[in-house]
Amino acid sequence: MTAIAQIDDGLIASDRKVAYWHFLVRDPLALISLVWIIVTLVAALIGPELLGQEAVRMSLKARNMSPRFGDGGWMDILGTDSLGRSILARIIVATRNTLGIALAASVSSMALGAIIGIIAGYVAGRVGKIIMQVSDIIQSFPSMLLAMIVLYILEPRAFNLVIVLAFTRLPVYIRVARAEVLELRERLFVDAARVMGSSSLMVILRHIAPMAAPTVITYWTVDVAFVMLSESGLSFLGIGIQPPDITWGLMVANARNYLEISWWQAFFPGLMIMLTTLSINILSSWARKVSDPLKRWKFKAVSA
Amino acid sequence: MNEDTVLEIKDLTVEFRSGNECVKAVNGISYCVKAGETFAIVGESGSGKTVSTMALMRLLPVPPAVIKASQITFKGQDLLNMPRNDWRHVSGNKISMVFQDALAALNPVYSVGWQISEMFRIHRRLDRAEIERRTVDLLSKVGIPEPRQRLHEYPHQLSGGMRQRAMIAMAIALKPDLLIADEPTTALDVTIQAQIMGLLKDLRDETGMSLILITHDLGVVAETADRVAIMYAGRIMETGSIRDVLNTPTHPYTLGLLNSRPQAHRRGEPLQPICGSPPNLAHIPSGCAFFPRCQHADALCREMTPTGVEVSPGHFVACHSIKTRTQFAAAKQNSSPVPV
Amino acid sequence: MVESFFSLVGLVFLVFFLVRMTGNPADLYLPESASQQTRMEFNQLHGLNDPILVQFGRFASQLARLDLGDSMREGRPAIDIVTEAYPTSLKLAAVTMILAVLLSILIGVWAAYRPAGPFDRVATILSLGGASAPNFWVALTLISIFSVGFRLLPTSGTGGPIYWVLPVVVLILQPFGVLVVVVRQAVMTALDSPYIRTARAKGAREASILFVHALRNASLPIVTTAGTLAIGFINGSVIVESIFGWPGVGKLMIHSILMRDFAVVQAVVVVTAVAIFSFNIVIDLIYALLDPRIRYR
């Protein structure tokens, strides 16, 4: 408690890490979220190797079994699906695709969007305007309709899914990055760098990009969850991931017809989606609260 | 206690607590205001002059603010412990306030007429036609030309002086007994300042209301006020009638203030500011708050907080060094704690 | 405004070309055993044999005459099919959005008034939940509980108010979650402003201070967000309409894409583009109404 009370903004880097750790520990919700995300990342990394066999092992005898601790041991703890496969195993294995697609799409759209946005903001003029126009067109249309059309042309595969998702999220990053650049461009240090002979590219890389980064990354944290939900939705509609690949969204889609007899088939994969996006949102909200010096003061006042 | 005392405040303290810090913005002040008089509170930023009236008007967020007083009475009624609902009927109705920056203090999305007539809607039962008529009257009373047109205009459409007049119209709509004006002219040009102060004076003469005028400008005070209190670091240093305080200033701070003004007859001479800066209100030392900057200070000033000494009838000064200074060789030894 | 018009026009033409790339409709509408001859005739009938630019020219001139072609599936004008489906989606969207705005204002204002109080916590939880919950999962779970389990509500279909309960509940989660945060933030900012202090000094009631003085000033960001959400509604409603079997635009869209009914897909895009464009104009008008500073620039 006293450690927090003594914190003020003149922290050196190592103190700051300790400070963040203190804040994290004190907020149980954020802590749980972090743990959950780590668990899912681990599942994504080693899941398919560990449980790949289990996830595809069919058994006519064990079809549509409710959650139990039966013959199959731990594997049946979430029940089985219509082909007798362990839902727990499938969920763990599906983590890789679900997280992978969400991360791939969001990171690529962040990177590309930030670059385009920085260009739009820095160069401004007609180029900037045209970029924003196109960006607006993409943004003004409901992304799901767009995604449906595009995926139907390109045929749904993981790779195409990533492209489509990244594409529909581009405008947000472009807008955010551009706004940051517009604001930073007017600041003196940019002029100073120019005067001292830095080329435009150098100015961007060295000075502007790092300062715009925090805001862009903040948007990314919110965006990952959104992309995960979009992918799940598309897979649910049948135009996302296709079998034999598996994601949580697809598991829910498959379970739709068995709602009356085995609700757990749809429930648990969807629950995974919910818990994971919830954790991401909680953590990103926590991170924003903590890194804002103004709000951190309130944090202090309340906890001391 | 006089029968025509409108407001009486004793030992008012306002602290702001957050975490381990405690900022004492107002540190035990007492004063009273009589009917029909203009009482000025003068001090620099941070002296607590605004905070004390905000506390009175219940405009401070109560945690973190902590307000204590031994007495706050308005025309005999206890304000300190008055329940919220009863206070709502006093605020705006009997005691009213005018703020410094009219553009910020007026709601930008409602018309000026709407905001003024809101006073009637809150506190009176009148029909719309009557409310409109009175609002137009108010606008012309405060000197706004073409009042009917102004009714429907928005704050951003008016000039600075007009806005301040509109705020004053709002404040006097219900003919309050006491009007508190917090730096009403600070944001305005000098010529407009004079007009606004003239307006306040006229209104006061016409209705007999009392006026508390908060300002840092001694010139404004000299023209308009009857009595004045000089505040520093949350305490009242000197108080008395205008004539007493301005002609025979006694407290070293008051002397410093008066001396530091640019004056026509001392043209060409360097300005004489008061050395040093105001104290950190989170760590107020014991003893006199002015001690570090005072030329007449001695050891006693550091130890003991001075209480008010009546140097002449109605003229109180909180200073230890009076007795040792030649100006008041014949000052009495009484220490009456509070001017009544 | 002119720019956004051209944006949407650009979008429509873009979709025209994209849709054509989804494959040959003949494969879907004619039996597999159909001969080459039959296919040729089919294509000729629907003008699909002509070079793409000719097709585009035809489309553009028809568009100018507000003729969006005929549905391949049903043989009726595409525009009729779309305009039949739109009211269903619009009604659902309108009801959900109005409810979302009302609820979020009620809860958000109170949360702003008493930060860290119980309402604030509820608001935070609801908004996080709303933003995180996959709507199809919520829909299926609710159906499991209320339709299958308790047999209280129908699983699908349109009809009386009872058919609306689940679709609206599912659809409202996301906009409510987003709006609550926006309302809270905007109202908190407004409450910190000097004019609120003036209103208090005037003796105004707390309710008036919150809902008259503060809320109106907070309304711009709220309207902006509500507007963006309303447009994004079409996304969510695709899933809800699909699950609950409502014959709206979302369901129509999926079907038309899967059935390669070009005319209908184009018609949906055109009508949606027009709707979005008009909607943005309405939002601009609302801005002017709410904030006189914008009006009297």
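Taken residue by residue, region B:105-114 has at least one member that is surrounded by fewer than 22 Cβ atoms within 10 Å (Cβ to Cβ), within 14 Å of another protein chain (Cβ to nearest Cβ) and assigned to a helix (DSSP H, G or I). Limited to region B:286-329, what total is found for residues that are modelled with pLDDT of 75 or more, closer than 22 Å to B:Lys24 by Cβ and part of a loop (DSSP other than H, G, I, E, B)? Total meeting the criteria: 12.
To keep it simple, each residue is scored yes or no on (1) more than 14 Å from chain C (Cβ to nearest Cβ); (2) of a type in the set (Gly, Ala, Ser); (3) free of Cβ contacts under 8 Å to residues at least 40 places away in the same chain; (4) in contact with a strand residue (DSSP E or B) (Cβ under 6 Å, 6 or more places away or on another chain).
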{"residue": "A:Glu155", "(1), (2), (3), (4)": "no, no, yes, no"}
{"residue": "A:Val162", "(1), (2), (3), (4)": "yes, no, no, no"}
{"residue": "A:Phe167", "(1), (2), (3), (4)": "no, no, no, no"}
{"residue": "A:Val195", "(1), (2), (3), (4)": "yes, no, yes, no"}
{"residue": "A:Met202", "(1), (2), (3), (4)": "yes, no, yes, no"}
{"residue": "A:Ala212", "(1), (2), (3), (4)": "yes, yes, no, no"}
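Screening B:Thr239 with (1) more than 16 Å from B:Ile29 (Cα to Cα); (2) touching a helix residue (DSSP H, G or I) at 6+ places or on another chain (Cβ under 8 Å); (3) polar (S, T, N, Q) gives one miss only, at (1).
Can you tell me which residue is nearest to the other protein chains (Cβ to nearest Cβ) among those in region C:132-154 that are more than 19 Å from the chain's Cα centre (by Cα) and in contact (Cβ under 8 Å) with a residue 24 or more places away in the chain? Among those that are more than 19 Å from the chain's Cα centre (by Cα) and in contact (Cβ under 8 Å) with a residue 24 or more places away in the chain, it is C:Leu140. In the condition set (1) in contact with a His (Cβ under 9 Å, 6 or more places away or on another chain); (2) assigned to a helix (DSSP H, G or I); (3) not hydroxyl-bearing (Ser, Thr, Tyr), C:Arg73 is compliant with all but (2). Do the conditions hold for B:Thr53, that is, is it more than 14 Å from chain A (Cβ to nearest Cβ), part of a strand (DSSP E or B) and in contact (Cβ under 8 Å) with a residue 12 or more places away in the chain? Here the answer is no, as B:Thr53 does not meet what is asked. What number of residues in region C:250-271 are more than 9 Å from every other protein chain (Cβ to nearest Cβ), of a type outside the set (Gly, Ala, Ser) and part of a helix (DSSP H, G or I)? Number of matching residues: 8. Restricting attention to region A:234-252, the residues that are crowded, with 24+ Cβ neighbours inside 10 Å and facing chain C (nearest Cβ under 9 Å) total 4.
Just one of (1) within 14 Å of another protein chain (Cβ to nearest Cβ); (2) in contact (Cβ under 8 Å) with a residue 40 or more places away in the chain fails for A:Arg256. It is (2). Counting only residues that are on the phi > 0 side of the Ramachandran plot and touching a residue at least 24 places away in the same chain (Cβ under 8 Å), region B:115-171 holds 1 of them. Scanning region C:131-174 for residues that are surrounded by fewer than 17 Cβ atoms within 10 Å (Cβ to Cβ) and under 17 Å from A:Gly249 (Cβ atoms) gives no hits. In region B:185-199, the residues that are at pLDDT below 85 reach residues that are of a type in the set (A, V, I, L, M, F, W, C) with C-beta atoms within less than 7 angstrom, at least six apart or across chains, in these pairs: B:Thr185/B:Ile196; B:Thr185/B:Met197; B:Thr185/B:Val220; B:Leu188/B:Ile196. Determine if region A:127-141 includes at least one residue that is on the phi < 0 side of the Ramachandran plot and outside any helix (DSSP H, G or I). Yes, the conditions are met somewhere in region A:127-141.
Exactly one residue out of A:Leu83, A:Leu88, A:Leu112, A:Leu103 is over 21 Å from the mean Cα position of the chain (by Cα) and either surrounded by fewer than 20 Cβ atoms within 10 Å (Cβ to Cβ) or more than 18 Å from A:Phe267 (Cα to Cα) (or both): that is A:Leu83.
Within region A:120-164, being surrounded by fewer than 18 Cβ atoms within 10 Å (Cβ to Cβ), within 21 Å of the chain's Cα centre (by Cα) and either of a type in the set (Lys, Arg) or closer than 12 Å to C:Leu11 by Cβ (or both) holds for one residue alone: A:Arg157. Right, C:Thr198: within 13 Å of chain B (Cβ to nearest Cβ), surrounded by 22 or more Cβ atoms within 10 Å (Cβ to Cβ) and of a type outside the set (Gly, Ala, Ser) or not? Spelling it out, C:Thr198 is indeed within 13 Å of chain B (Cβ to nearest Cβ), surrounded by 22 or more Cβ atoms within 10 Å (Cβ to Cβ) and of a type outside the set (Gly, Ala, Ser). Of all the criteria given as (1) in contact with a helix residue (DSSP H, G or I) (Cβ under 6 Å, 6 or more places away or on another chain); (2) under 18 Å from A:Leu275 (Cβ atoms); (3) not charged (D, E, K, R), the one not satisfied by A:Phe226 is (1).
Of the residues making up region B:63-79, those that are surrounded by fewer than 17 Cβ atoms within 10 Å (Cβ to Cβ) and on the phi < 0 side of the Ramachandran plot are B:Pro63, B:Pro64, B:Val66, B:Lys68, B:Ser70, B:Gln71, B:Gln77, B:Asp78.
Within region A:3-41, the set of residues being of a type outside the set (Asp, Glu) and either in contact with a strand residue (DSSP E or B) (Cβ under 7 Å, 6 or more places away or on another chain) or at pLDDT below 60 (or both) comprises A:Ala3, A:Ile4, A:Ala5, A:Gln6, A:Ile7, A:Gly10, A:Leu11, A:Ile12, A:Ala13.
Out of A:Arg175, A:Arg187, one residue alone is within 14 Å of chain C (Cβ to nearest Cβ) and among the basic types (Lys, Arg). It is A:Arg175.
Where helices (runs of 4 or more DSSP H) fall wholly inside region B:139-255, the ranges with 3 or more residues that are within 14 Å of chain C (Cβ to nearest Cβ) and surrounded by 19 or more Cβ atoms within 10 Å (Cβ to Cβ) are B:160-172.
Of the candidates C:Val223, C:Val274, the single residue that is more than 11 Å from chain A (Cβ to nearest Cβ), under 14 Å from the mean Cα position of the chain (by Cα), farther than 17 Å from C:Val95 by Cβ and surrounded by fewer than 24 Cβ atoms within 10 Å (Cβ to Cβ) is C:Val274. Figure legend. Inter-residue proximity from region A:29-43: first residues touching a residue at least 40 places away in the same chain (Cβ under 8 Å), second residues surrounded by 15 or more Cβ atoms within 10 Å (Cβ to Cβ) and among the aromatic types (Phe, Trp, Tyr), beta-carbon distance below 7 Å, spacing 6+ or different chains. Indicated pairs: A:Ala30/A:Trp286. Among the residues of this structure, C:Pro175 counts as one that is of a type outside the set (D, E, K, R) and within 17 Å of the chain's Cα centre (by Cα).
The values are calculated or read from the model by the stated rules, or taken from the named source; none is laboratory data. Keep in mind that what you see is a predicted model, and the values were worked out from it rather than measured. Backbone-built Cβ (ideal geometry, glycine too); neighbour counts: all protein chains shown.
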